[in-house]
Every structure is written in C-alpha cells, then in structure tokens.
Amino acid sequence: MSARCPPTSVDRKGLTNMARHHLDPAPRALHGFFSRELAPALTIESGDVVSFQTLDSGWGAIEQEVGFSEPRDFVPRDVTRDVAHALAGPVAINGARAGMTLEIRINSIRTGRWGWSAGPGAPAQLDPHLGLGPGPGGPPAVITVPRGDHATFWQLDPERAIGINRAGQRLKLRPFMGIMGMPLDQPGIQSTFPPTRCGGNLDCRELTEGTVLFLPIAVDGGFSRPVTDTRCRATVRLRGRRSTAQCAWKWSSGSIPNCVWHYPGRAKSVGG
C-alpha cells in the first residue's frame, strides 16, 4: 500500500531526539538476497534517519569513466552468494516486532551520474508476440550490468533530473526505488525477484519523493533493505533504467496511517 503526502506533512514529533546514520556500500552492507538470518549492518532507534548510497541492481561501480564502453563492476562481490539485485542493508529497528507495520516515508531520491537501460539486442517480454524472437528465458543466473548491444548507457544529471544517452537523446528523470522490503519469516536465502507481502521487488513508479509505503513486519527487527531503480517520465517508456543513488530513511514509533533517500519509518502493532 502506498500514499502520496505533501512535503509539509512530515511528523515533527520527536525530531529533536532523532539520530542520523549513513550506510555506504561495503561487503557488510551489500547482499544479493533477502534473509532473516543476516546480521544487521546497522541497528537504529525508532525516529532515526538513515542515509544510504546504493548501487545499481547489476552491481556496477558507483563511478565510471566518462564515455565508457565496458562498465566497471563493484568489488568485492561474492558471485556464489550475491547473484541477484544489490540490496543495501539490512537495517534493524529496535522495538520492531513481527505483526507490526512499517511506514517508509520517502523524502528525497538523488540519482548517481550514470545509468543503463535495456539495449536493442536485449530480449524483451513482448518479443514473442511481435515475432522478434523467443523473449527472455527468465532471470539470469547472476545479475550484472549488461554489455554490448544489450545495454544503453546514460549520463545522468541529478541536479537537473535529466538523462542523456550516447545518441544524444534526453529524457526527464523521475527516480524511484525498485526494491524496498524486508525478509519473510522463512529460513535460508530468499530471492529478490518476486515481491512478497513484506515488499521487495515492487517496481512501483509511484513510490517517488513525498510518498509513503506501509509494509507488514514478519521478522523481529524489521531488517529493511533498498535498491535503486531510476525510470524516465516519457511517452516512450524505457525498460528498467538502473542507476546508483543516494538515499535516507527516518523511522519513528507512532500511529499507522526498502542516492540520498530519506525514509522516515514507523512501527506499531496493528491492534494498537
């Protein structure tokens, strides 16, 4: 469930006591899967604000050379374990318990300086219906930034919210988070591909700045994670532009109504 709220509607209760944290991409704070068994990279109090810097979903390096043809990958990465989307976190919230509801308020999202979308050679879901080939055969064994004609690379201007590809085409950016979510109360590794009742790969383009997302908590502590997904506002929709981003979340206890992002979050029992 999501809702749009004006920038002026932020709950100011207890703001003077909140702490601010920052989580950079590092082995302890990057995973290619959900799991309730991961140790939190950060533990916060209700009401705190957390700023993240995320990778693109394909684990590309945050900085790339200007005009690159072969993208650099983020290192280190354990490709025997972290095969799917690059998730930042997990972040545990003291006092969050299974059966509560988490509120994520998105105050701002700022893209990185580069991104990618599917290129002309990449198979698409509609290809079989258009007689263009068999289409994709399912998720790749290991997600990476595509190469060659499977990718279209973009230079992003976060100040003007504009993306420019190598052909000089310009599009207005309207960034949103591709994955925001928590693990289910299940053992072992959980895929990042299918969304669940606890969030995950929602790919909801309406979850932009000024919106709020409510998710049920299945595991004590919450263990929320985000990953960025920058899309274009245009008449011709690109298939999944991905980019690095900066972001931040704020969590606070109160009533129920995963770049720098700002997510304020609340946790309260549904019965309360």
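The values are calculated or read from the model by the stated rules, or taken from the named source; none is laboratory data. Remember, predicted model here, so these are calculated numbers, not experimental data. All Cβ positions, even for glycine, are placed from backbone atoms using ideal geometry, and neighbour counts span all protein chains on display.
Values as computed for the structure displayed
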read-out	value
Failed condition for ILE162, given (1) within 19 Å of ALA88 (Cα to Cα); (2) surrounded by 13 or more Cβ atoms within 10 Å (Cβ to Cβ)	(1)
Single residue of GLY119, GLY95, GLY60 found to be surrounded by 14 or more Cβ atoms within 10 Å (Cβ to Cβ), at pLDDT 90 or above and farther than 15 Å from ALA29 by Cα	GLY60
Within segment 171-195, tally of residues that are among the basic types (Lys, Arg) and surrounded by 15 or more Cβ atoms within 10 Å (Cβ to Cβ)	1
Identity of the residue in segment 29-87, touching a Cys at 6+ places or on another chain (Cβ under 8 Å) and either in a loop (DSSP other than H, G, I, E, B) or not β-branched (Val, Ile, Thr) (or both), that ends up farthest from THR144 (Cα to Cα)	SER51
Single residue of segment 178-203 satisfying the filter (in a loop (DSSP other than H, G, I, E, B) and closer than 16 Å to LEU102 by Cβ) that is farthest from the chain's Cα centre (by Cα)	ASP185
Test: residue in segment 219-236 that is at pLDDT 90 or above and more than 28 Å from PRO120 (Cβ to Cβ)	yes
Residue match in segment 19-39 (condition: at pLDDT below 50 and over 27 Å from PHE193 (Cα atoms))	no
Test: residue in segment 85-92 that is surrounded by fewer than 22 Cβ atoms within 10 Å (Cβ to Cβ) and closer than 18 Å to MET180 by Cα	yes
